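I'd like to ask you about the structure that follows.
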Amino acid sequence: MEEVPDATYERWLGGVGLGSTILYREVGPEIGWDHPDNRVILASGPLAGTRLSGSGVLAAVTRGPMTGGACSTQANGFYGAYLKTQGYDAVVIQGQSPEAVYLLVHEGGKAELRSAQHLLGLDTWELGERLKAELNLKTASIFGIGPAGENRVRFAALVGDKGHVAAHNGVGAVLGAKRLKAIVVARGPGRPRVHNEAELDRARKALSDHSKSREFGVRMQAYGTASSVLTHYRAGSLPIRNLTTNILPEAENLSGQRMRQTPALKLKPQPCWACNLRHHCQTVTVLEGPNAGFEGEEPEFEAMTGMGSALGITDTVAAVVLANVVDRMGMDINETAWSVGFAIECLSEGILSRQDVDGLDLGWGKPEAARQLIERIACREGIGDLLADGVKEAAKRIGGRALELAVFTEKGNSPRGHDHRAVWAELLDTCVSNTGTIEATGGYMDFSLLGLPPRKDAFDAVETAFYNAKMNGYRQFQDSLGCCRFCVDHPPLMVDALNAITGWSWSFGDAMAMGRRVVHQLRAFNFRSGITAEGERPSRRYGSVPVDGPAKGAHFTADWPRVLATYYEGMGWDPASGKPLPETLRALGQDELIPVFWSS
Ligand code: SF4
């Protein structure tokens, strides 16, 4: 057990902040993602385990296989809250077990590694059920890997607490390489320390009112995140058939509204720790048809689009089931969707033959064949083995025209489940991020807090780059707190809650500076591993121009060098190389990173 100095918390908080500093300190550039010395930091944060809504978040930080660089990915649920009750802020996984094990944290902080040989091959849903029964635990957080993680599929995820997924940059593959099948944290007797309960309660109520009353919160409580399917369709940002079109008249079938109107589906609320948006997360049971009896979680927006529109599937129940198959196998749904869509298009374009795809009846709108392919990927069987290293690697291995169809960034990660050709802020963020997923965008931002007017034109490339740069840091601050983004997304109130818990006097400026430090630390981690601005661009298809639909003709990448230069400059980085300037690092108190970027 290691005591973390107060100064470390004051500089890095928890979550990705704490994780990034441990990663930077302990994982040198020579340590690859599957090396035993790679670390997986599973952290809570300073807000964790309090009565703040959704304060049970798990933040996972490691070196991930998709980019070979830093990975920061979050899952909601109970982990962060229960870890606090056992007296810990974070667990750091290192080494490699000769055989499969799981970690059990229980009995007031006792940590044990136990054999998981009998759990091998279980999917993530079965794993949770089995461990809960076996350990006779009524209240425990259980996260683990499925067959994909065991087989080191590069986009394997960490899944737990009935459907929560730390999805990005292959954290599940790293755990598979360590042969750690699961992490179980029982609820303990401890309580988090709070400096000023009355102040925390005031901030909690205000945050709760904000999250429940804003338009997004109202809609999400009623219909989940998939409530925005039609909004995205009308904006041209629904991903359809591997970005070959933006027309899908049946798109509404994939919405949260339609899920609730479908008699074959039964939904039941399954909220996370202390959550006040109680109807967001739900379990789902299929009541009729060939999948009757299937149980899972209500898919989020990206799961419904990934297993729906991206594959040309518009059958509501089929998309729900497929999304859960991906979670059960333990894979990132976005990369899975781009991989399956890529294979379908390669087959229809004659780039792959029927024999190449193991005779599968792949095509747009064919859920059964998609399911067979997903299971092959998870087990690295046949064509699945080719796709199990991600779209970029598969396209490179096939070569030729395949590279023109694949959706990825040159760094190796792929976009979330949107068509970013109509969401320019996220396209840029996906390309320049240091985490293997978006870093700055994705959610609410009040630009007046940064002294800026609201954005004028979401299709102005330079304005997009400027605003992305100005807001970067906020999400890293948020992901260092240990709370669900949906519940806690009002910057000044978040700072109030932090101050109430710690007794500090942070301002929003302090929070932004802390978040910017995380960005720079992760960029330095990547840079010293050979990951430079060279890879900060989209693949040809990802950066292409929509041929139809509402965003037809919109061309974000027309002057990509100018977009990048604007972004780098806004970050205080060298506009040509994307390296943070010495004065930028000095202003944030990160002088130690200057030689990393500027020694030669
Ligand atoms: S909003 Fe949803 S994901 Fe967030 S804490 Fe509540 S139930 Fe969990």
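Across the stretch 47-60, in residue order, what do the Karplus-derived ³J(HN,Hα) couplings come to in whole Hz, using 6.51 cos²θ - 1.76 cosθ + 1.60 with θ = phi - 60° and x for Gly and Pro?
My calculation for the stretch 47-60 gives 8, 5, x, 8, 7, 5, 4, x, 8, x, 5, 9, 10, 10 Hz in order.
Pop out the ³J(HN,Hα) list for the stretch 227-232 in order, Karplus 6.51 cos²θ - 1.76 cosθ + 1.60 with θ = phi - 60°, rounded to Hz; leave Gly and Pro as x.
Working through the residues one at a time gives 5, 9, 4, 5, 4, 5 Hz.
Mind checking which aspartates and glutamates have their Cα closer than 19 Å to the Cα of residue 205? Skip sequence neighbours fewer than 8 apart in that chain.
Answer for residue 205, where 19 Å is the Cα cut-off: 197, 215, 489, 496, listed by chain and number.
Here's a follow-up. Please give, to one decimal in nm, the separation of the simple spin-label points placed at residue 562 and residue 201, each 7 Å out from Cα toward the Cβ.
5.7
Counting other Cβ atoms within 10 Å, keep those with at most 13, restrict to DSSP loop, and tell me which GluC sites (Glu not before Pro) in the stretch 498-600 are left.
none
Report relative contact order for the stretch 214-405 in percent, whole number only (criteria: Cα-Cα under 8 Å, sequence separation at least 6).
Worked out over the stretch 214-405, it gives 17 percent.
Roughly how many whole Å is it from the C-alpha centroid of the stretch 326-367 to that of the stretch 62-99?
30
Between residue 219 and residue 599, take the C-beta separation as r, use R0 = 35 Å, and let me know the FRET efficiency to the nearest 0.05.
Taking R0 as 35 Å, the efficiency between residue 219 and residue 599 is 0.10.
What order do you get for 81-94, 99-112 when each peptide is scored by the mean count of other beta carbon atoms within 10 Å, highest first?
81-94, 99-112
Continuing with this model, one more query. In the stretch 1-67, what GluC sites (Glu not before Pro) fall in a loop by DSSP, with at most 16 other Cβ atoms inside 10 Å?
2, 3, 30
Okay, moving on. For the modelled label position 7 Å from the Cα of residue 10 along Cα-to-Cβ, which residues of the stretch 480-504 have backbone nitrogen atoms closer than 20 Å?
Answer for this model: 480-481, 495-504.
I would also like to ask the following. I need the peptides 155-164, 347-356, 180-189, 253-262 ranked by packing, meaning the mean over residues of other C-beta atoms within 10 angstrom, with the highest value on top.
The densest-packed peptide leads the list: 155-164, 180-189, 253-262, 347-356.
Among 454, 182, 192, pick out the residue whose Cα is farthest towards the positive end of the charge dipole of the chain, where Lys and Arg carry +1 and Asp and Glu carry -1 on C-beta, about the Cα centre.
About the Cα centre, the residue reaching furthest to the positive side is 192.
Highest mean first, what order results for 37-48, 450-461, 496-507, 545-556 on Cβ atoms within 10 Å?
Descending packing order for the listed peptides: 37-48, 496-507, 545-556, 450-461.
Past the 37 angstrom mark, what percentage of all C-alpha to C-alpha distances in the chain do you count?
Across the chain, Cα pairs with separations above 37 Å total 27 percent.
Once you charge only the Cβ atoms, +1 for Lys and Arg and -1 for Asp and Glu, what is the size of the charge dipole of the stretch 6-186 about its Cα centre, to the nearest 20 debye?
180
Can I ask one more? Just going by the charge dipole of the chain, with Lys and Arg at +1 and Asp and Glu at -1 on Cβ, which of 231, 436, 98 is farthest out on the positive end?
It is 231, whose Cα lies furthest towards the positive end.
Could I have the simple spin-label model distance between residue 231 and residue 120, label points 7 Å from Cα toward Cβ, reported in nm to one decimal?
Between residue 231 and residue 120, the label points sit 4.6 nm apart.
Rounded, prolate or oblate: which one fits the stretch 6-186, using the alpha carbon gyration tensor with axes a ≥ b ≥ c (rounded when a/c is under 1.5, else prolate when a/b beats b/c, else oblate)?
Verdict is oblate for the stretch 6-186.
Now a separate question. How high is the relative contact order of the chain? Use alpha-carbon pairs under 8 Å, at least six apart in sequence, and give a whole percent.
Reported as a whole number, the value is 17 percent.
Read-outs: derived from the displayed coordinates by stated rules, not from any lab. Model, not experiment: these values are computed from the prediction. Neighbour counts are summed over all protein chains in view; Cβ atoms, including those assigned to glycine, are modelled from backbone coordinates with ideal geometry.
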